[in-house]
Amino acid sequence: MLDTAFSIPLVALSDIGRVISLLVIGGGLLWILIRSLRAKEVDRRIVFLFIFIAVAAPILFPITFQERATLIVKRVFDKVESSPAGSKVLLAFDFDPAMAPEVQPMADAFSRHCLEKGHKVIFMTLWATGQALLTQSLERVVRGEYPDKLDGVDYINLGFKAGNENVLNIIVTDFRMMFPTDVNGVPLDSTSIFDDVKSCKDLDLIIAIGGGKPGVKEWVLYIGDRVNVPMAAGVAAVVAPQLYPYYPKQLLGLLGGVKGAAEYESELVKWYPHLKERGTPGLRMMGPQTLAHMVVMAFIVIGNISYFISRRRERIQ
Amino acid sequence: MKRQVPLIITFLIGMIMIFSFFIPPLEGLEQTCSLFFDVIAVFAFFLGGGNLMRIHINKLRRRKKDWGFSIVTLGGFIIMLAAGLLKIGNPGGIAASPTTEGALLQEIFTYVFLPLQSTMYALLAFFVASASYRAFRAKNREATILLIAAFVILLGRTPFGMMLTAWIPESFSVLQVPNMAIWIMNSPNLAGQRAIMIGIGLGVISMSLRLILGIERTYLGDESA
Amino acid sequence: MPSHPTTSRPSHPAMLLILFTFFLLPCIVLAQTEVGQTNIEGTPIVPDSEQIVAAPVTSLIAADHKYDDGEMIELSWVPSIDDQLVDGKVIGYKVYRLEDDGEPQMITELAPGSNAYNDQSVERGKLYSYFVSALSSNAETPSVRTAPIEPQREWLNYELLNVLIMALVLGGAVIYFIETARRGKKLFVRKIAGLEAVDEAIGRATEMGRPILFIPGILDMDDVQTLAALTILGRIARIIADYDTKIFMPVSRSLVMTAGRETIKASYQAAGRPDAYSDDMVTYITDEQFGYVAAVDGIMVRERPATVFLLGAFFAESLILAETGNSVGAIQIAGTARPAQLPFFIAACDFTLIGEELFAASAYLSGEPKQMGSLKGQDVGKAIAMAAILIGILTVTIGDSWDVEWIQNITTGLTEIFSTK
């Protein structure tokens with residue numbers, strides 16, 4: 001990523017890069033539009049090239065957009081924000097590396113928000129591949145940005161437990177039966193965070209992050225519905241439609257994909273401006289996503305123009 | 001006999017699994033049968049792995065077209081197998097878990113396999129664009145509706161969607177593009193998905209009955225079915 | 001008379017008083033207030049005057065959990081009055097169990113506010129009774145003990161009776177129509193475009209001299225979609241054998257490889273061309289999702305098949321496979337029962353079998369009366385579903401809008417009929 005270290009007076013190199021990228025994309029699309037008026041189809045490699053530029057340019061020359069949290073995301077934010085300090089929040093990292101680019105930003109945002117509010121955060125995962133991602137998140141966000149927070153007091157990592165929904169079936173009545181110790185072998189009984197937590201009933205909020213199975217659906221079926229603990233979710237964009245039926249009763253809010261992460265981050269930096277410098281990957285990824293969407297929409301329009309013109313020519317002939 | 005025995009096994013296990021859903025003392029059978037299947041699948045892995053080795057060794061021996069790639073395949077197979085079985089580079093030694101930090105298997109997984117996996121997944125971005133360009137043409141009424149819905153969803157997933165319709169008053173907020181996108185996903189899309197799922201459920205029942213009763217036997221290689 | 005020494009022997013009452021003071025009283029006190037021990041496990045014993053005694057729980061009921069194999073007893077109670085007050089004395093509860101009138105054993109400790117517990121460590125043939133103690137900071141107050149109860153095994157889960165009836169209706173409909181079709185009655189089944197195009201697609205490959213690629217999804221033989229794909233394979237392999245077209249079938253699971261080989265081999269034998277069959281037609285690639293996709297994409301680009309069948313369970317790789325197939329100019333017939341992947345197939349493939357059409361394909365392609373009858377049986381299920389949805393919409397709309405109780409009762413009844421516990 002090029003930054004102002006190489007800037008020339010008055011204009012940063014990154015600004016030049018942004019302008020050139022937008023000109024290239026815009027100009028290229030215009031040229032293709034003119035070709036389509038002659039009913040010429042676009043080679044798929046041209047489409048790939050434009051997508052590559054649309055995704056790469058905002059990464060190299062950061063292009064970010066303002067986001068405003070929609071109600072479905074704001075409800076999650078408001079719940080975390082309005083809960084009194086010291087509330088027990090469980091974050092479930094139920095995803096693998098393939099899904100991580102979409103949901104890791106929201107996982108980090110949730111962690112930061114909870115720790116800023118002084119909530120006690122319990123981390124766990126039902127996915128074997130989620131354990132490494134959970135560890136990474138703890139190193140980067142919790143230990144890296146909040147060194148004053150104590151393991152076992154302000155947060156705890158329960159790690160991964162095999163068994164899928166069977167794990168949920170047990171922790172709904174007794175955490176210690178499934179997790180007698182945390183991931184480092186420290187007994188839960190000797191941690192203050194678990195002083196008054198026996199089961200999921202004693203939690204104030206559960207946030208399930210992921211998109212596969214076991215995932216949010218299982219959390220809702222085995223925990224949320226049974227113990228009446230407020231529950232929120234953050235999932236990959238392709239999974240979100242399947243969870244809308246649970247909103248707003250079983251899920252108080254839902255973050256879908258990079259957009260959901262970006263909306264949450266925008267709300268977070270609005271209330272806690274100092275968090276902006278720690279990175280907002282969701283907002284940053286909206287740049288490529290937005291440009292890529294615009295390029296796809298442009299190609300759809302161009303494709304339809306080309307189609308209608310060629311159909312008209314066929315009719316004339 | 002070669003066909004009768006599998007059919008009898010299919011019928012018996014199928015009926016037991018159906019009954020076990022309704023008869024509490026048999027409830028644990030479903031998990032037991034799943035475990036049996038897992039064991040069989042693991043043994044079958046030797047067949048698959050052996051087949052893979054045989055094909056590529058053959059290709060190498062006969063110097064068939066693109067035999068160089070077979071070296072890569074075989075090399076990767078043997079290295080990963082050795083790294084996992086022999087715990088090469090594992091700080092904990094041969095008794096430790098193969099995925100311990102610092103072990104060769106874990107290093108290859110983190111620095112070779114995961115980036116490759118992410119790369120393949122990233123191809124979707126390109127293919128979504130080319131598929132959209134080709135497929136979203138207003139050829140007829142249904143295709144036009146699909147096109148409009150796709151547009152609304154695409155726009156709704158970007159900040160421009162909100163920017164374009166931010167001027168709409170709160171009482172008509174359902175007409176704001178992001179809210180329209182949520183409505184499309186929540187109502188017509190969900191209704192369609194549920195209808196398809198009902199059909200799938202009924203199709204599974206019909207297919208399963210045909211399999212259990214032995215009416216459908218093609219998967220056994222029985223052409224008379 | 002001379003006098004005796006001044007010490008005199010104590011009287012009987014005094015003796016008794018001394019005995020009581022020095023022997024019996026300490027025993028009585030020690031039995032109740034032995035420092036460092038507890039009378040019920042876990043609670044420190046303090047002098048009576050310092051004990052904070054919480055009110056006991058009430059209405060403790062132990063009931064056998066219905067419709068199980070005698071594995072669970074459900075306990076419920078009304079929490080202690082002292083639990084429900086602000087700054088109440090209760091800090092938790094302990095549940096005790098007596099097995100066949102033995103010694104009480106503590107089986108669990110619960111947080112304040114608890115009013116239920118499921119004991120899943122019981123065995124049939126034994127009698128259990130329970131009591132629950134309300135815990136204060138330094139005392140326990142046990143409740144009244146429940147009457148002994150034996151967990152019972154039920155042979156039928158009556159809670160699933162509605163599911164059983166529905167299954168019998170649907171299964172019965174399928175079997176009825178199979179019999180009807182077997183007796184010669186003609187059954188109408190609508191045209192499915194994707195299946196009508198199978199012959200044409202195979203013919204195209206034969207004319208162009210290019211192979212056919214068959215991809216049966218990425219799940220194993222325990223998934224019904226994979227089985228559906230293999231049954232279709234059996235039908236089209238026969239045509240392929242007759243036309244002498246090449247077929248490639250890269251698979252992601254070893255068991256599918258074995259089953260696929262059997263299927264194709266039988267088809268070639270039935271076509272009278274066993275020598276044309278080769279095991280290399282079906283090859284195992286890898287279980288890993290994207291590794292398999294990469295390999296299949298490579299096969300598509302190198303072999304340039306004229307026809308690609310994508311039938312079975314697919315996940316994120318569906319669009320990658322479909323687009324690559326499209327790029328090599330193949331005609332593509334796809335089918336899956338995963339709703340999330342259907343839009344990708346519909347956008348990228350020439351023909352798509354949506355959900356149930358995949359399961360109907362084998363019956364449709366065979367044209368056999370027995371198989372076609374099963375499709376009609378499915379339609380009975382769809383008719384029931386449509387009727388229920390329609391009635392449900394009407395009753396919910398009318399019942400909730402006009403608050404009509406008997407209509408709301410219909411809605412409740414419908415919900416109970418179609419829900420599983």
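GNM on chain C, C-alpha springs below 10 Å: top fluctuator among C:Ala205, C:Ala134, C:Ala111?
C:Ala111
Among C:Thr352, C:Thr397, C:Thr324, which one moves the most in a GNM of chain C with springs linking Cα atoms closer than 10 Å?
Sorting by GNM fluctuation, first place goes to C:Thr397.
Rounded to two decimals, what is Rg over Rh for the protein assembly as shown when you use alpha-carbon atoms and the Kirkwood radius?
1.04
With Kirkwood's inverse mean 1/r over C-alpha pairs for Rh, give me the Rg to Rh ratio of segment B:136-214, two decimals please.
Values: Rg = 18.7 Å, Rh = 15.1 Å.
Radius of gyration over Kirkwood radius for segment B:136-214 works out to 1.24.
Considering only the other residues whose Cβ falls under 9 Å of the Cβ of C:Gly194, what net charge follows from Lys and Arg at +1 and Asp and Glu at -1?
Values: positive: none; negative: C:Glu196, C:Asp350, C:Glu357.
Local charge sum for C:Gly194: -3.
When N counts the residues of chain A, how does its alpha-carbon radius of gyration compare numerically with 2.2 N^0.38 Å, as a ratio? Numbers along the way, then the final one.
Working: Rg = 23.3 Å, N = 317, 2.2 N^0.38 = 19.6 Å.
Computed over Cα atoms of chain A, the ratio equals 1.19.
For chain A, find the longest principal axis of its Cα atoms and tell me its angle to the long axis of helix A:257-271, 0 to 90°, nearest 10.
70 degrees
Round to the nearest 10 and give me the degree value, 0 to 90, for the angle of helix A:100-117's Cα axis relative to the longest principal axis of chain A.
50 degrees
Across segment C:273-408, what fraction of all alpha-carbon pairs, as a whole percent, falls in each successive 5 Å bin from zero upward?
Calculated P(r), rounded to whole percents: 2, 9, 13, 13, 14, 13, 10, 8, 6, 5, 3, 2, 1, 1, 0.
Give me C:Asp220, A:Asp202 ranked fewest to most by other Cβ atoms within 10 Å of their Cβ, as a rough exposure proxy. Walk me through the numbers before you get to the answer.
Working: C:Asp220 20, A:Asp202 17.
The order, fewest Cβ neighbours first, is A:Asp202, C:Asp220.
Could you work out the equivalent-ellipsoid semi-axes for segment A:167-209, taking the square root of 5 times each eigenvalue of the Cα gyration tensor, largest first, in whole Å?
Details: eigenvalues 55, 29, 23 Å².
Output for segment A:167-209: semi-axes of 17, 12, 11 Å.
For n ≥ 4 DSSP H runs only, could you compute -39500 (n - 2.57) per run for chain C, divide by its residues and tell me the 222 nm figure to the nearest 500? Each step should come with its number before you reach the end.
On the way: 13 runs with 181 residues, N = 421.
Calculated from helices alone, the mean residue ellipticity at 222 nm is -14000 deg cm²/dmol.
Give, rounded to the nearest 20 debye, the magnitude of the charge dipole that chain A has about its Cα centre when Lys and Arg contribute +1 at Cβ and Asp and Glu contribute -1 at Cβ. Please list the in-between numbers first.
On the way: 34 positive and 32 negative charges, 347 e Å.
Dipole of chain A, to the nearest 20 debye: 1660 debye.
Of C:Thr141, B:Thr158, how do they rank once you tally other Cβ atoms within 10 Å and put the fewest first?
Values: C:Thr141 21, B:Thr158 24.
Neighbour counts put them in this order, fewest first: C:Thr141, B:Thr158.
Across peptide B:189-200, what mean number of C-beta atoms from other chains lies inside 10 Å of a residue's C-beta? Intermediate results must be reported in sequence, preceding the final value.
Working: counts 4, 4, 1, 2, 7, 3, 6, 7, 5, 7, 12, 12.
Shielding by partners across B:189-200 averages 6.
Please work out the ratio of the alpha-carbon Rg of segment C:123-170 to 2.2 N^0.38 Å and round it to two decimals. Display every interim value, and only then the final one.
Working: Rg = 19.8 Å, N = 48, 2.2 N^0.38 = 9.6 Å.
Dividing the Cα radius of gyration by 2.2 N^0.38 Å gives 2.07.
Rounded to the nearest 500, what is chain B's calculated 222 nm mean residue ellipticity when only DSSP H runs of at least 4 contribute -39500 (n - 2.57) each, over all residues?
Values: 9 runs with 153 residues, N = 225.
It comes out at -23000 deg cm²/dmol, rounded to the nearest 500.
For segment C:198-349, list log₁₀ I(q)/I(0) at each q in 0.09 Å⁻¹, using the Debye formula over Cα point scatterers of equal strength and ignoring solvent, two decimals each.
The Debye formula, applied to the Cα set alone, gives -0.24.
Assign unit charges at the C-beta atoms only (+1 for Lys and Arg, -1 for Asp and Glu), then state the dipole size of segment C:198-349 relative to its Cα centre in Debye, rounded to the nearest 20. The partial results should precede the final answer.
Details: 12 positive and 18 negative charges, 52 e Å.
Charge dipole of segment C:198-349: 260 debye, to the nearest 20.
Would you kindly give the portion of the calculated P(r) for segment B:1-125 that falls above 23 Å, as a percent of all Cα pairs?
On the way: 4801 of 7750 pairs.
The answer is 62 percent, as a whole percent.
Only Cα pairs under 8 Å and at least 6 apart count here; give the relative contact order of chain A as a rounded whole percent.
Values: 515 pairs, mean separation 76.6, N = 317.
Reported relative contact order: 24 percent.
For peptide A:290-302, what's the mean number of Cβ atoms from other chains within 10 Å of each residue's Cβ? If you can, show how the numbers build up before the last one.
Working: counts 7, 1, 6, 10, 4, 3, 11, 8, 1, 6, 12, 4, 1.
For this peptide, the per-residue mean of nearby foreign Cβ atoms is 6.
Which residue, chosen from C:Ala201, C:Ile391, C:Val251, occupies the Cα position most advanced towards the positive end of the dipole of chain C, where the dipole is computed from +1 (Lys, Arg) and -1 (Asp, Glu) charges on Cβ about the Cα centre?
Farthest towards the positive end: C:Ala201.
I need the fraction of alpha carbon pairs in chain C separated by more than 26 Å, rounded to a whole percent.
Values: 63794 of 88410 pairs.
Here the tail beyond 26 Å accounts for 72 percent of pairs.
About the Cα centre of the protein assembly as shown, how large is the charge dipole given +1 on each Lys and Arg Cβ and -1 on each Asp and Glu Cβ? Please answer in debye to the nearest 20.
Values: 83 positive and 95 negative charges, 1025 e Å.
Around 4920 debye, computed over the protein assembly as shown.
Can you pull the mean other chain C-beta count within 10 Å for peptide C:263-270? Walk me through the intermediate numbers first.
Details: counts 6, 1, 1, 8, 3, 1, 2, 4.
Counting Cβ atoms of other protein chains within 10 Å of each residue's Cβ and averaging gives 3.
Per the helix-only calculation at 222 nm, which mean residue ellipticity applies to chain A, given -39500 (n - 2.57) for every DSSP H run of n ≥ 4 and division by its residues, nearest 500 deg cm²/dmol? Please report the intermediate quantities before stating the final value.
On the way: 11 runs with 150 residues, N = 317.
Computed mean residue ellipticity for chain A: -15000 deg cm²/dmol.
Kindly count the pairs of lysines across chain C whose alpha carbons are less than 19 Å apart, treating pairs on different chains or eight or more residues apart as eligible.
Going through chain C pair by pair, I get 10.
Can you give the Kirkwood hydrodynamic radius for segment C:48-142, in Å, rounded to one decimal and based on Cα pairs? Don't skip to the end; give the middle numbers.
Details: mean 1/r = 0.0717 Å⁻¹.
So the Kirkwood estimate lands at 13.9 Å.
Could you tell me which residue out of A:Pro58, A:Gly28, A:Gly144 lies farthest along the dipole of segment A:1-144 toward its positive end? Charges go on the beta carbon: Lys and Arg +1, Asp and Glu -1, centred on the Cα centre.
A:Gly28
Work out the P(r) tail for segment C:328-421: percent of alpha carbon pairs separated by more than 15 Å, whole number. Mind showing how you got there, number by number?
Working: 3173 of 4371 pairs.
Roughly 73 percent, once rounded to a whole number.
Put +1 on the Cβ of every Lys and Arg and -1 on every Asp and Glu Cβ in chain C; which of C:Pro343, C:Thr283, C:Tyr158 then has its Cα farthest towards the positive end of the dipole?
The Cα lying farthest towards the positive end belongs to C:Thr283.
Using the number of other C-beta atoms within 10 angstrom as an exposure proxy, rank A:Ser87, C:Ser121, C:Ser318, C:Ser327 with the fewest first.
Values: A:Ser87 18, C:Ser121 11, C:Ser318 27, C:Ser327 15.
Ranking A:Ser87, C:Ser121, C:Ser318, C:Ser327 by Cβ neighbours within 10 Å, fewest first, gives C:Ser121, C:Ser327, A:Ser87, C:Ser318.
Where a number appears in this text, it was derived from the coordinates with a stated rule and is not lab data. Small disclaimer: the values here were computed from a predicted structure and weren't measured. Here Cβ is always computed from backbone atoms with ideal geometry, including for glycine, and neighbour counts include all displayed protein chains.
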